[in-house]
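The next block holds one structure in the form of C-alpha cells; read it before the comments.
The values are calculated or read from the model by the stated rules, or taken from the named source; none is laboratory data. Model, not experiment: these values are computed from the prediction. Neighbour counts are summed over all protein chains in view; Cβ atoms, including those assigned to glycine, are modelled from backbone coordinates with ideal geometry.
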Amino acid sequence: MTKPTHRCKKCNETYEYRNASIVFKKKCPHCIIGELEKVDSKPEPLLTIELDDETSVPRVHYKGQELTGKASVFFDWDTDTDVMGGLTYAIEHYESGSYPVSNRIERRVKGHCLE
Ligand SMILES: [Zn+2]
C-alpha cells in the first residue's frame, strides 16, 4: 500500500511524489489552481487504545484497523529499569456474521514472554 506524500489544499486530491523537484511548482494537476502541501508521513501506530471516560467502551485500533465487537481489552507494560520489563496486550473481539466467531490477539514481548 502506498501512502500519499502531498495533498491539494483546494480539492483535497492526494498525490505520491517521491521526487521533490516535481513538487517545486506546487500546483495541483487535478484542479490546476490548488496549492500542494506535504501530508504528515508519521508511521501508523501499531496499537491505540482511547478511552473517553471511565464508563465508556475503549476504541481500539490495531495495525490501522478499528476493532469492533470487543469483549475484553488488556494492556500491561513494565519498565526495564530494575529487571527486564516487557509488554503484554490482549484483545478479544467478536466478528459479526452468520455464526459467532471470536478472535483473540495476544502478544507477549521481552520479559513478559519469559514468565
Ligand atoms: Zn487540486
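Scanning the stretch 92-115 for residues that are touching a Lys or Arg at 6+ places or on another chain (Cβ under 9 Å) and either in a strand (DSSP E or B) or hydroxyl-bearing (Ser, Thr, Tyr) (or both) yields Glu92, His93, Tyr94. On the stretch given as the stretch 66-102, residues that are closer than 20 Å to Glu44 by Cβ and polar (S, T, N, Q) total 1.
Scanning the stretch 45-77 for residues that are under 14 Å from Glu92 (Cβ atoms) and among the aliphatic types (A, V, I, L, M) yields Ile49, Val57, Val60, Leu67, Ala71, Val73.
Can you report the number of residues in the stretch 57-87 which are in contact with an Asp or Glu (Cβ under 9 Å, 6 or more places away or on another chain) and either of a type outside the set (Gly, Ala, Ser) or at pLDDT 90 or above (or both)? Steps first, please.
Initially, the stretch 57-87 is screened for residues in contact with an Asp or Glu (Cβ under 9 Å, 6 or more places away or on another chain), giving 58-61, 63-64, 68-74, 84-87.
From what is left, the residues that are either of a type outside the set (Gly, Ala, Ser) or at pLDDT 90 or above (or both) are 58-61, 63, 68-74, 84-87.
Residues in the stretch 57-87 being in contact with an Asp or Glu (Cβ under 9 Å, 6 or more places away or on another chain) and either of a type outside the set (Gly, Ala, Ser) or at pLDDT 90 or above (or both): 16 in total.
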